[in-house]
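Take a look at the structure below.
The values are calculated or read from the model by the stated rules, or taken from the named source; none is laboratory data. Just so we're clear, the structure is a prediction, and the values are computed from it rather than from any experiment. Reconstructed Cβ throughout: ideal geometry from the backbone, glycine too, with neighbour counts over all protein chains shown.
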Ligand code: SAH
């Protein structure tokens with residue numbers, strides 16, 4: 001099948017770009033990314049670019065999904081909160097890696113699109129429509145939190161909702177460009193690591209733009 005060949009080629013490009021986690025590469029080789037893009041864009045689904053999904057939002061680049069998933073070092077059974085469900089693709093990759101995914105999306109139509117796809121593939125996930133910048137206290141604490149939109153500041157509620165040794169990955173910075181930043185919640189306090197500069201759609205809402 002042509003999609004399988006395209007997906008394999010995407011995996012080789014991710015390897016060449018420095019993605020080393022076999023767990024991430026295996027999950028991305030399994031999840032059919034072309035089912036998570038709007039009709040008519042399937043042909044471009046495996047290209048190294050973000051694609052429009054409506055409502056001025058995008059499905060993230062394959063590289064962005066890979067680098068964020070790798071930074072979280074996902075273990076089976078972990079509880080992961082995602083802010084910005086979008087197409088549902090990032091959530092599907094985390095589910096494929098064995099995580100229990102809780103995901104929040106502010107645009108109702110996108111939340112529905114993603115939920116339909118994730119259910120069709122029989123992934124276990126919980127989703128909510130609304131502003132995710134305050135996290136999801138009901139299901140806290142989480143092993144990891146992933147924010148897939150660019151934030152002006154790190155929402156304090158997200159750090160609070162992490163377990164000890166938990167990880168938060170979030171792009172922080174200006175509207176046009178952000179630094180992908182990893183926060184580790186340790187006993188001694190919060191450790192911060194800046195990974196690389198990337199460009200995301202803006203995080204909106206109470207703690208967003
Ligand atoms: N993870 C997605 C990326 C989608 S782009 C994917 O794999 O396709 C980022 C998404 O964040 C958009 O769908 C946007 O609507 C959503 N978003 C922006 N601000 C938000 C907020 N405060 N709460 C929840 N979702 C938000």
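Okay, residues lined up against (1) farther than 20 Å from residue 65 by Cα; (2) part of a loop (DSSP other than H, G, I, E, B):
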{"position": "153", "(1), (2)": "yes, yes"}
{"position": "163", "(1), (2)": "yes, no"}
{"position": "167", "(1), (2)": "no, no"}
{"position": "172", "(1), (2)": "no, no"}
{"position": "175", "(1), (2)": "no, yes"}
{"position": "180", "(1), (2)": "no, no"}
{"position": "185", "(1), (2)": "yes, no"}
{"position": "195", "(1), (2)": "no, no"}
{"position": "206", "(1), (2)": "yes, yes"}
Within the bounds of region 137-148, is there any residue that is modelled with pLDDT of 95 or more, within 12 Å of the ligand (Cβ to nearest atom) and not in a strand (DSSP E or B)? yes
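So that you can scan it fast, the table gives a plain yes or no per residue for (1) surrounded by 15 or more Cβ atoms within 10 Å (Cβ to Cβ); (2) within 14 Å of the ligand (Cβ to nearest atom):
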{"residue": "40", "(1), (2)": "no, no"}
{"residue": "45", "(1), (2)": "yes, yes"}
{"residue": "49", "(1), (2)": "no, yes"}
{"residue": "53", "(1), (2)": "yes, yes"}
{"residue": "57", "(1), (2)": "yes, yes"}
{"residue": "74", "(1), (2)": "yes, no"}
Can you tell me which of (1) surrounded by fewer than 17 Cβ atoms within 10 Å (Cβ to Cβ); (2) farther than 18 Å from residue 80 by Cα is the one residue 129 doesn't meet? (2)
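Considering only residues of region 101-114 that are surrounded by fewer than 20 Cβ atoms within 10 Å (Cβ to Cβ) and touching a residue at least 12 places away in the same chain (Cβ under 8 Å), which is nearest to the ligand (Cβ to nearest atom)? Before the answer, list the steps.
Taking region 101-114 as the starting set, the residues that turn out to be surrounded by fewer than 20 Cβ atoms within 10 Å (Cβ to Cβ) are 107-109, 112.
Adding the requirement that they be touching a residue at least 12 places away in the same chain (Cβ under 8 Å) leaves 107-109.
Numbers: 107: 4, 108: 10, 109: 10 Å.
Only one residue fits best here, namely 107.
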Please go through (1) surrounded by fewer than 23 Cβ atoms within 10 Å (Cβ to Cβ); (2) within 16 Å of the ligand (Cβ to nearest atom) for residue 98 and return the number of the only condition it doesn't satisfy. (2)
Residue hits (region 172-198; crowded, with 16+ Cβ neighbours inside 10 Å and out of contact with any helix residue (DSSP H, G or I) (no Cβ under 9 Å at 6 or more places or on another chain)) are 172, 173, 178, 181
